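To start, the structure under review is shown below, and the notes come after it.
The values are calculated or read from the model by the stated rules, or taken from the named source; none is laboratory data. None of these values were measured; they are calculated from a predicted model. Cβ sites come from the backbone with ideal geometry, for glycine too, and all protein chains shown count toward neighbours.
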Ligand code: DSN
């Protein structure tokens with residue numbers, strides 16, 4: 001990053017420097033965040049961002065795209081090889097536009113689609129009713145979890161038989177367990193639905209062989225490229241062999257939905273950075289990284305339980321852990337997230353299955369190990385992190401979030417003001433900083 005010299009006084013550079021410092025000194029546990037390599041980041045600020053390239057390789061609406069064509073073809077080829085699929089689109093700007101494109105390609109307005117409910121760990125774009133594109137333009141049917149916090153496949157099947165969806169989404173954003181893509185495919189086949197696997201959170205694990213691949217089962221696979229995949233902010237849509245067997249026009253439909261239906265010119269710098277990230281993911285080190293994400297998640301889960309904290313579903317089978325804080329009071333995840341941030345560990349507050357409070361004031365904390373693994377942390381650091389989290393919880397417990405809306409807002413405003421000066425939290429922050437500084441950012 002450019003230094004904020006006299007020649008370059010824009011406030012924004014100053015803020016970026018501060019943000020870099022924040023990231024270095026803190027421990028990031030948001031499971032959808034990661035840190036990409038120097039190569040990925042340098043490509044993002046290259047001359048590629050100056051170029052318009054609406055259309056697809058060799059079929060552009062602008063001249064001067066000889067190199068851009070080669071870059072996009074190379075990105076597609078690398079991903080086709082990495083995932084063993086016949087077709088890839090790398091142009092979606094990010095995950096939500098990519099899911100919208102798949103839905104737009106496969107459904108007509110009013111058609112039925114099924115997805116995991118947001119409150120059970122699904123995503124807004126998987127048919128969350130009323131406020132989203134998927135929930136407003138299609139007829140969403142949402143499935144949920146069983147009493148062990150696992151996807152209830154029997155419920156998925158019964159709902160599919162009853163509602164005959166045209167599309168079933170197998171995908172999650174806050175689900176700590178392995179997805180059974182084979183079961184999803186059996187259900188989709190039984191009702192003649194397309195199966196879309198949204199593997200945004202777990203792509204890195206799939207590539208590293210730490211989670212079963214959806215490719216033999218789904219018709220379409222979607223993923224963001226910046227989570228466990230460790231590339232730039234962007235997305236990819238993969239059409240599988242199975243997808244082409246079901247619908248020979250599938251790739252063409254997806255392409256047309258991305259451009260011109262929903263997007264304009266692709267972000268060529270992102271396309272190039274996806275190609276770089278795909279190259280990195282093909283190396284043996286990526287497998288070791290995926291394995292360590294899993295080891296760290298297991299170690300963190302075990303250490304949190306050792307500290308007496310309750311985990312949704314009693315553990316994890318991927319990179320993600322949901323801490324259930326209902327024993328400390330409804331909505332307690334909100335206070336814990338704020339206090340952890342002061343203590344130098346940032347995570348996100350999240351609903352738990354059967355959330356007793358609300359999505360904005362939820363009772364859980366969602367954490368994950370991709371970023372800390374990229375920084376080089378191992379099991380010993382996971383134990384420390386669990387102890388810090390437990391100390392934060394212990395320190396602030398007993399402060400009940402008021403149920404009434406105005407009282408709740410005032411309480412949190414006062415709570416936030418008070419905890420930034422809290423000595424116990426600031427002591428933890430100093431300890432976190434000491435450890436975090438030993439695992440610098442941007443070193444790999
Ligand atoms: N925002 C992403 C996440 O945090 O999981 C999903 O889109």
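Structure notes:
- In summary, residue 123 fulfils each of the numbered conditions (1) surrounded by fewer than 20 Cβ atoms within 10 Å (Cβ to Cβ); (2) within 16 Å of the ligand (Cβ to nearest atom) with the single exception of condition (1).
- Where residue 115 falls short, out of the listed (1) assigned to a strand (DSSP E or B); (2) out of contact with any helix residue (DSSP H, G or I) (no Cβ under 7 Å at 6 or more places or on another chain): (2)
Results for (1) under 12 Å from the mean Cα position of the chain (by Cα); (2) under 22 Å from residue 33 (Cα atoms); (3) assigned to a strand (DSSP E or B), shown as yes or no for each residue.
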| residue | (1), (2), (3) |
| --- | --- |
| 205 | no, yes, no |
| 209 | no, yes, no |
| 213 | no, yes, no |
| 223 | yes, yes, yes |
| 232 | no, yes, no |
| 244 | no, no, no |
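Yes/no matrix, rows are residues, columns are (1) at pLDDT 95 or above; (2) under 20 Å from residue 114 (Cα atoms); (3) more than 16 Å from the ligand (Cβ to nearest atom):
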site	(1), (2), (3)
181	yes, yes, yes
186	yes, yes, yes
207	yes, no, yes
236	yes, no, no
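- Odd one out for residue 148, checked against (1) in contact with a helix residue (DSSP H, G or I) (Cβ under 9 Å, 6 or more places away or on another chain); (2) farther than 22 Å from residue 353 by Cβ; (3) surrounded by fewer than 16 Cβ atoms within 10 Å (Cβ to Cβ): (2)
- Restricting 82, 48 to those that are in contact with a helix residue (DSSP H, G or I) (Cβ under 7 Å, 6 or more places away or on another chain), farther than 30 Å from residue 321 by Cβ, more than 16 Å from the ligand (Cβ to nearest atom) and not in a strand (DSSP E or B) reduces the list to 48.
- Flag if residue 74 is touching a helix residue (DSSP H, G or I) at 6+ places or on another chain (Cβ under 6 Å) and either assigned to a helix (DSSP H, G or I) or within 16 Å of the ligand (Cβ to nearest atom) (or both): yes
- Among the conditions (1) under 30 Å from residue 280 (Cβ atoms); (2) out of contact with any strand residue (DSSP E or B) (no Cβ under 8 Å at 6 or more places or on another chain); (3) within 14 Å of the ligand (Cβ to nearest atom), the only one that residue 132 does not satisfy is (1).
- Number of the exception - residue 52 against (1) crowded, with 16+ Cβ neighbours inside 10 Å; (2) without any contact (Cβ under 8 Å) to a residue 24 or more places away in the chain: (2)
- Residue in the range 151-163 that is more than 16 Å from the ligand (Cβ to nearest atom), outside any helix (DSSP H, G or I) and touching a strand residue (DSSP E or B) at 6+ places or on another chain (Cβ under 8 Å) present: yes
- Hey, residue 147 more than 15 Å from the ligand (Cβ to nearest atom), closer than 29 Å to residue 370 by Cα, in a loop (DSSP other than H, G, I, E, B) and at pLDDT 95 or above or not: yes
- Per the conditions (1) surrounded by fewer than 23 Cβ atoms within 10 Å (Cβ to Cβ); (2) within 16 Å of the ligand (Cβ to nearest atom); (3) part of a helix (DSSP H, G or I), the sole criterion not satisfied by residue 69 is (2).
- Here residue 143 meets each of (1) in contact with a helix residue (DSSP H, G or I) (Cβ under 6 Å, 6 or more places away or on another chain); (2) touching a residue at least 40 places away in the same chain (Cβ under 8 Å); (3) surrounded by 20 or more Cβ atoms within 10 Å (Cβ to Cβ) with one exception, condition (2).
- Qualifying residue in the range 375-386 (condition: farther than 24 Å from residue 305 by Cβ and assigned to a helix (DSSP H, G or I)): no
- Residue match in the range 219-231 (condition: in contact with a strand residue (DSSP E or B) (Cβ under 7 Å, 6 or more places away or on another chain), surrounded by 24 or more Cβ atoms within 10 Å (Cβ to Cβ) and farther than 18 Å from residue 126 by Cβ): yes
- Conditions (1) surrounded by fewer than 24 Cβ atoms within 10 Å (Cβ to Cβ); (2) in a helix (DSSP H, G or I); (3) within 16 Å of the ligand (Cβ to nearest atom); number of the one not met by residue 251: (3)
- Count - residues of the range 91-120 that are touching a residue at least 60 places away in the same chain (Cβ under 8 Å) and crowded, with 24+ Cβ neighbours inside 10 Å: 10
- The residue that is surrounded by the fewest Cβ atoms within 10 Å (Cβ to Cβ), counting only those in the range 409-425 that are touching a residue at least 60 places away in the same chain (Cβ under 8 Å) and within 26 Å of residue 311 (Cα to Cα), is 416.
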